[in-house]
Amino acid sequence: MKRLKMVTIVMTMTLVLLAVSVHGRGDTGGLTLEEAIARVRTHSPILELARVQQDKAALEADQAAEAAENIPEDDVDNYTMAMVKYLYPYQAEVSSELARQKTAATREDLELQVEVVYRSLQMARRMARVTEAGMRVAREGLQVARDMHGAGMITWAEVLAAERDVEQIRSMWVSSGVGAERAALTLSMLLDLDADDNLELSGVEPRFLPPGGIDLDRQVRSALRNRYEIAEVNAMVDITRYRLDLVREYPTGLSFSWPDLPFDLPFDPPDNGEVDDEYALPIAELEYREAVLIRGLRRSEIEQQVRSLYLGMREAEQGVREAEIGLRAAEEAWRVAVLKFNAEKISRLDLLRVNLEKIQGEASHVNALYEYELAVARFNHACGKGSSAGLDGGS
């Protein structure tokens, strides 16, 4: 009896050390988050494409300006000439500035995507370690349950409960493994690296550091001032307004003349002249109104998005607090269970069940920490110069 008790105490201490090991800091060598973000700035083909498009837009703006300079002011006597002289250069200049802002937005979008995938890979690998420990405990618990059932000490229902525990932990373990592989491959693609699901990380795992007081109204104003979508709709409003001014100022009729032909037409052509475009002005007015309305809707969407992400961040913060309390409760239950087991007041199966609950509490805490980290990153992105494309890509 003493020998059996000594063996079970040693087994218990082994489980304690195993459970402590899953609290480790994780990867100690490899790619840091800062290095990953720095690399995406210099190696991303998506960002390089945005830079090429920015350079192209700048050249097109220069081309339009040069063409406009070759048209004398006195020759601008109708809307068609006004478009070439004034509207096209203005539109090209606005487009060039918009392309520059798009490059900045693309960079921020990619940085968020890298952070999300990096953190997801960290979380999946840490979860895999936690659930692997849980698998060992659950399998041992199942074996103990079968032995106790064979000895007539428990019912078959308790054996089935132990089997359920094994499958639940196995599902978490498989899911975290698949998630880690997928995140590693996605990160490799974002950083223009060879596909590698064994990509080593060395980033510090997240800690729960709630932000100080946030002035939400100020953050909303920042988003409405800096977001790329706002720059887009402002450009649309400016261009349609300028076009409307030109339509009001210059005749929009279509001039035409018939060329000299070496044969007779089978009909009598109208005289050379000009046809007034009665639709030009109302269409230009409607396009401007449309742009103004779209801008208002876009501003409302962005404000709603920022406020919603703020609420999500607060919800994730509460999730971490709940997970921390749950983990502390599970750790205390484990401490008490060890004492009871050593005093022969609970069975080995009961001890294993308590340890499994503690490991599940650890898994919940890990998940809550990373969910909070990503919620903070998404909120900060929404208030910056990025776009919704980054938020969608970083979901």
Taking the range 139-153 only, how many residues are surrounded by 14 or more Cβ atoms within 10 Å (Cβ to Cβ) and among the hydrophobic types (A, V, I, L, M, F, W, C)? 4
Applying the selection to the range 338-354, what residues are assigned to a helix (DSSP H, G or I) and either of a type in the set (Asp, Glu) or under 42 Å from the mean Cα position of the chain (by Cα) (or both)? 350, 351, 352, 353, 354
In the range 45-102, anything over 37 Å from the mean Cα position of the chain (by Cα) and either closer than 30 Å to residue 388 by Cα or β-branched (Val, Ile, Thr) (or both) is listed as 71, 76, 80, 84, 87
Tell me which of these residue 156 doesn't satisfy, since it passes every other one: (1) crowded, with 16+ Cβ neighbours inside 10 Å; (2) under 30 Å from residue 351 (Cα atoms); (3) among the aromatic types (Phe, Trp, Tyr). (1)
Take the residues of the range 275-299 that are over 17 Å from residue 234 (Cα atoms) and not β-branched (Val, Ile, Thr): which is farthest from the chain's Cα centre (by Cα)? 276
Filter the range 359-395 down to residues that are of a type in the set (Ser, Thr, Tyr) and closer than 13 Å to residue 205 by Cα and give me whichever is surrounded by the fewest Cβ atoms within 10 Å (Cβ to Cβ). 370
Top-ranked residue of the range 193-203 - restricted to ones that are surrounded by fewer than 13 Cβ atoms within 10 Å (Cβ to Cβ) and closer than 12 Å to residue 30 by Cβ, ranked as modelled with the lowest pLDDT: 196
Please verify whether the range 256-271 includes one or more residues that are at pLDDT 90 or above and among the acidic types (Asp, Glu). no
In this structure, does residue 147 turn out to be farther than 30 Å from residue 277 by Cα, among the acidic types (Asp, Glu) and not in a loop (DSSP other than H, G, I, E, B)? yes
Would you be able to tell me the number of residues in the range 322-373 that are out of contact with any Gly (no Cβ under 8 Å at 6 or more places or on another chain) and without any contact (Cβ under 8 Å) to a residue 60 or more places away in the chain? 16
Looking at (1) surrounded by 12 or more Cβ atoms within 10 Å (Cβ to Cβ); (2) within 30 Å of residue 306 (Cβ to Cβ); (3) of a type outside the set (A, V, I, L, M), can you tell me which one residue 218 breaks? (1)
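The values are calculated or read from the model by the stated rules, or taken from the named source; none is laboratory data. Quick caveat, the model's predicted, so the values are computed rather than measured. Don't worry about glycine lacking a Cβ; one is built from the backbone with ideal geometry, like all the others, and counts go over all protein chains shown.
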